[in-house]
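Here's the structure, in structure tokens; my notes come after.
The values are calculated or read from the model by the stated rules, or taken from the named source; none is laboratory data. Source: prediction; values computed, not measured. Cβ placement follows ideal geometry from the backbone for every residue including glycine, while neighbour counts extend to all protein chains displayed.
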Amino acid sequence: MISLEDASLTKKGIVKLSSATDSDSEALAATPKAVKTVIGEVQVKAPLDSPALTGTPTAPTPETTAAGIEIATAAFVAAKVAQLVGLCAGNAGHAERTG
């Protein structure tokens with residue numbers, strides 16, 4: 001009788017298959033079905049380079065003092081406009097007429 005051992009990362013042997021898509025096992029090999037499922041899930045995601053997002057994407061709202069490469073959310077813009085309107089209102093009546 002021939003005896004075969006289980007395969008591992010370092011030795012040949014019997015390979016056990018799994019169709020799980022959330023496994024972190026190094027003792028099981030992914031089936032074509034599992035690979036196809038993961039590829040299908042990845043293909044519907046937005047690319048990291050120039051993503052075209054749909055629906056209502058969300059992002060953290062930066063502080064109004066932000067001046068870097070943060071994403072300007074609608075809440076950030078509204079707060080910034082309110083801040084600037086407040087500054088302008090404080091200077092009302094102090095404008096000089098030119099021309």
Considering only the range 68-84, I want to know if a residue exists there that is modelled with pLDDT under 90, assigned to a loop (DSSP other than H, G, I, E, B) and among the polar types (S, T, N, Q). no
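Conditions tested, residue by residue: (1) part of a loop (DSSP other than H, G, I, E, B); (2) surrounded by 11 or more Cβ atoms within 10 Å (Cβ to Cβ); (3) touching a helix residue (DSSP H, G or I) at 6+ places or on another chain (Cβ under 6 Å); (4) without any contact (Cβ under 8 Å) to a residue 24 or more places away in the chain.
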residue	(1), (2), (3), (4)
4	yes, no, no, yes
10	yes, no, no, yes
17	no, yes, no, yes
20	yes, yes, no, yes
23	yes, yes, no, yes
34	no, yes, no, yes
39	no, no, no, yes
45	yes, no, no, yes
Quick one: which of 52, 92, 59 is at pLDDT 90 or above and either assigned to a helix (DSSP H, G or I) or out of contact with any Leu (no Cβ under 7 Å at 6 or more places or on another chain) (or both)? 59
